[in-house]
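Q: Dumping the structure here so I can ask a few things about it.
The values are calculated or read from the model by the stated rules, or taken from the named source; none is laboratory data. Worth saying up front: this structure is predicted, and the values here are computed from it rather than measured. Cβ coordinates were reconstructed from backbone atoms using ideal geometry, including for glycine residues, and neighbour counts include every protein chain displayed. Please note that ligands, DNA and RNA were not included when accessible areas were found on the heavy atoms of the full protein model with its side chains. Shrake-Rupley method; radii C 1.70, N 1.55, O 1.52, S 1.80 Å.
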Amino acid sequence: DAGVTQSPTHLIKTRGQHVTLRCSPISGHKSVSWYQQVLGQGPQFIFQYYEKEERGRGNFPDRFSARQFPNYSSELNVNALLLGDSALYLCASSSNFGFANTGELFFGEGSRLTVL
Amino acid sequence: AQSVTQLGSHVSVSEGALVLLRCNYSSSVPPYLFWYVQYPNQGLQLLLKYTTGATLVKGINGFEAEFKKSETSFHLTKPSAHMSDAAEYFCAVSAAGTASKLTFGTGTRLQVTL
């Protein structure tokens, strides 16, 4: 079975541009979360979506937005890119919201964004 | 609010030696605790987790961790290091009902030498 897949794997943008990152969860998983991992740091929570509704938001500016589609895939959008947005963006899926089941998040390999 | 402190950004051990990676947490509610491993250019893989019940938790690849409430700790151990254990290790905490909102530590890079 396929794991969490993310695209693109690498991309380079310039300041002020917009970026869209995509994530397909594991089949049957209804929850998708996004994390930002800046080089040398641990991942930071950005968003969680469950059943197409936003269920959690981290401390990120409004330039960051996301959505979840009927097939449970998700997009993360970042507008007006800043140099500090350069990071590995990780998507994670889980089968449920909360800890109804194992509470385990399955992570993709990430999309590495470089902002010049 | 929750937070995690990982003591030691870099740990180096010899192959066959004990691995000990330290994690202390802060949480205003009963915590759920996790250890993840990240190999270069890859995502995160769950090693083990504590939610409720037995405080000594066994995970994959021979790792285990013990939840000590009195010490607010969740240290990761492995009796004998292997070269393949070299990676970045992250401790994380969440509260029940917020499973997807993990708060991670800054990570510990484990180096294994011959």
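Q: Restricting attention to the range A:25-46, does a residue exist that is of a type in the set (S, T, N, Q), in contact with an Asp or Glu (Cβ under 8 Å, 6 or more places away or on another chain), away from chain B (no Cβ under 11 Å) and open to solvent by 40 Å² or more (accessible area, probe 1.4 Å)?
A: Yes; the residues of the range A:25-46 include at least one that is of a type in the set (S, T, N, Q), in contact with an Asp or Glu (Cβ under 8 Å, 6 or more places away or on another chain), away from chain B (no Cβ under 11 Å) and open to solvent by 40 Å² or more (accessible area, probe 1.4 Å).
Q: Taking the criterion of being closer than 14 Å to residue A:21 by Cα and not in a strand (DSSP E or B), would at least one residue in the range A:41-52 satisfy it?
A: In the first step, residues of the range A:41-52 are kept if they are closer than 14 Å to residue A:21 by Cα; the result is A:46-47.
Checking which are not in a strand (DSSP E or B) leaves us with none.
Scanning the range A:41-52 turns up no residue that is closer than 14 Å to residue A:21 by Cα and not in a strand (DSSP E or B).
Q: Please work out which residue is surrounded by the most Cβ atoms within 10 Å (Cβ to Cβ), limiting yourself to the range A:70-99 and to residues that are within 10 Å of residue A:30 (Cα to Cα) and within 14 Å of the chain's Cα centre (by Cα). Reasoning before the result, please.
A: Filtering the range A:70-99 down to residues within 10 Å of residue A:30 (Cα to Cα) leaves A:70-73, A:93-97.
Those still in the list that are within 14 Å of the chain's Cα centre (by Cα) too: A:72-73, A:93-94.
Values: A:72: 21, A:73: 16, A:93: 28, A:94: 26.
Among those that are within 10 Å of residue A:30 (Cα to Cα) and within 14 Å of the chain's Cα centre (by Cα), it is A:93.
Q: Quick one: would you say residue A:113 is in contact (Cβ under 8 Å) with a residue 40 or more places away in the chain, within 30 Å of residue B:8 (Cα to Cα) and part of a strand (DSSP E or B)?
A: Values: in contact (Cβ under 8 Å) with a residue 40 or more places away in the chain: yes; within 30 Å of residue B:8 (Cα to Cα): yes; part of a strand (DSSP E or B): yes.
Criteria met by residue A:113.
Q: Checking residue B:93 against (1) within 19 Å of residue A:93 (Cβ to Cβ); (2) among the hydrophobic types (A, V, I, L, M, F, W, C); (3) in contact with a Pro (Cβ under 6 Å, 6 or more places away or on another chain), which single condition isn't satisfied?
A: (1)
For (1) over 18 Å from residue B:66 (Cα atoms); (2) facing chain A (nearest Cβ under 10 Å); (3) in a loop (DSSP other than H, G, I, E, B), each residue gets a yes or a no:
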position: B:13; (1), (2), (3): yes, no, no
position: B:16; (1), (2), (3): yes, no, yes
position: B:36; (1), (2), (3): no, yes, no
position: B:42; (1), (2), (3): yes, yes, yes
position: B:45; (1), (2), (3): yes, yes, no
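Q: Could you check how many residues of the range B:54-67 are open to solvent by 50 Å² or more (accessible area, probe 1.4 Å), farther than 29 Å from residue A:87 by Cα and not in a strand (DSSP E or B)?
A: Final tally of qualifying residues: 2.
Q: Kindly evaluate residue B:51 against the criterion of being of a type in the set (Ser, Thr, Tyr), open to solvent by less than 70 Å² (accessible area, probe 1.4 Å) and within 14 Å of another protein chain (Cβ to nearest Cβ). Reasoning before the result, please.
A: On the way: of a type in the set (Ser, Thr, Tyr): yes; open to solvent by less than 70 Å² (accessible area, probe 1.4 Å): yes; within 14 Å of another protein chain (Cβ to nearest Cβ): yes.
Criteria met by residue B:51.
Okay, residues lined up against (1) surrounded by fewer than 19 Cβ atoms within 10 Å (Cβ to Cβ); (2) under 15 Å from the mean Cα position of the chain (by Cα); (3) within 23 Å of residue B:41 (Cβ to Cβ):
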site: B:69; (1), (2), (3): yes, no, no
site: B:74; (1), (2), (3): no, yes, no
site: B:94; (1), (2), (3): no, yes, no
site: B:104; (1), (2), (3): no, yes, yes
site: B:112; (1), (2), (3): no, no, yes
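Q: Next up: Quick one: which residue in B:89, B:32 is open to solvent by 20 Å² or more (accessible area, probe 1.4 Å), assigned to a strand (DSSP E or B) and not basic (Lys, Arg)? Let's see the steps before the verdict.
A: On the way: B:89 fails: open to solvent by 20 Å² or more (accessible area, probe 1.4 Å).
The conditions single out B:32.
Q: Test of understanding: among A:13, A:52, A:30, which residue is on the phi > 0 side of the Ramachandran plot and basic (Lys, Arg)? Steps first, answer last, please.
A: Details: A:13 fails: on the phi > 0 side of the Ramachandran plot; A:30 fails: on the phi > 0 side of the Ramachandran plot.
Of A:13, A:52, A:30, the one residue that is on the phi > 0 side of the Ramachandran plot and basic (Lys, Arg) is A:52.
Q: Can you tell me which condition residue A:95 does not meet? The list is (1) out of contact with any Asp or Glu (no Cβ under 7 Å at 6 or more places or on another chain); (2) modelled with pLDDT under 95; (3) within 7 Å of another protein chain (Cβ to nearest Cβ), and all the others hold.
A: Every condition holds for residue A:95 apart from (3).
Q: Still on this model: Those residues that are in contact (Cβ under 8 Å) with a residue 60 or more places away in the chain and more than 14 Å from every other protein chain (Cβ to nearest Cβ), I need them from the range B:61-114; list them, please.
A: Step one: filter the range B:61-114 for residues in contact (Cβ under 8 Å) with a residue 60 or more places away in the chain, giving B:78-83, B:85, B:89-96, B:99, B:102-114.
Hits for the range B:61-114 are B:78, B:79, B:80, B:81, B:82, B:83, B:85, B:110, B:111, B:112, B:113, B:114.
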